[in-house]
Amino acid sequence: MKNILKNVSVLAIAITMLTGCEATRNANNQQKGTVIGAAGGAILGAVIGNNVGKKGDGGELGAVIGGVVGGAAGNVIGKKMDKQAQRIEEEIPGAEVERVDDGIVVNFDENSGVYFATNKYDINSASQETLNGLARVMQEYPQTNVLVVGHTDSTGSADYNMTLSKNRAQAVTNYLVTQGIASGRFTTQWYGEEQPKYTNDTAEGRSKNRRVTLAIVPNQEMVNEAKQEAGEN
């Protein structure tokens, strides 16, 4: 009897896990907050690249991003972030916009909106137009914080690439601040060539690794309001 009960329990757990995975796979973004719960972490991989956990900064950035809220409050946040992601796509048609966990990841490489000349980090006119659109959305949704992360390919020395990625990430942050976005909303980080998202063995991969990625995440005010709206406070 004990073995039968044990087998039934294992089967029930397996069914629950499979059902949960399938629900997550098929859910839209506002529903994912309810299904996933407090797991989180996927947004770090989208922002940093393939090497989450191999460097000491993963925990630091994880603290900035926070965990997935989950429950009914997570559902409320999901709706708001879905709308914000849609507005970014409307303002910046060429940007790569992805909803991950409770956040929004906006990836800018040489083909998607923010361009840097070789070895340069100034914001040119084309990039300004893109960032102006992003700033307009950030002004519409003030209850978010923004993580700006700079990366390079592996061409050149590691020290040079680290400095270049720092300058490019800070240039993006500084420009958005000049457009009226409060500086306190930003955390700026850079990794040089250390966190490639694509292979550096091809020209296409190197082009995609020369990128600045933004993660837009709910601030504590949004989280508190969502919990209140969901009756969790």
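Numerical summary
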{"quantity": "Under-5 Å amide H pairs with residue 96, H placed in peptide plane, nonlocal only", "calculated": "107"}
{"quantity": "Cβ crowding within 10 Å averaged over residues, with 100-107, 122-129, 216-223 ranked highest first", "calculated": "100-107, 216-223, 122-129"}
{"quantity": "Pair residue 160, residue 117: separation of 7 Å Cα→Cβ label points (nm)", "calculated": "1.7 nm"}
{"quantity": "Greater than 25 Å apart at Cα, pairs in 80/227; 83/197; 166/197; 197/227", "calculated": "83/197; 197/227"}
{"quantity": "Calculated FRET efficiency for the pair residue 72/residue 124, C-beta based, R₀ 41 Å, to 0.05", "calculated": "0.35"}
{"quantity": "Long-range amide H partners of residue 186 with built H, under 5 Å", "calculated": "146"}
{"quantity": "Gain in span if fully extended, residue 203 to residue 86, counting 0.36 nm per residue against the direct Cα distance", "calculated": "39.0 nm"}
{"quantity": "Note, ³J(HN,Hα) from phi for the stretch 169-184, Karplus 6.51, -1.76, 1.60, rounded to Hz, x at Gly and Pro", "calculated": "5, 5, 4, 5, 4, 4, 5, 5, 5, 5, 8, x, 8, 4, 4, x"}
{"quantity": "Most to least packed among 130-143, 198-211 [average Cβ atoms within 10 Å]", "calculated": "130-143, 198-211"}
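Since every read-out is calculated from the coordinates, none of them should be taken as a lab result. Small disclaimer: the values here were computed from a predicted structure and weren't measured. Reconstructed Cβ throughout: ideal geometry from the backbone, glycine too, with neighbour counts over all protein chains shown.
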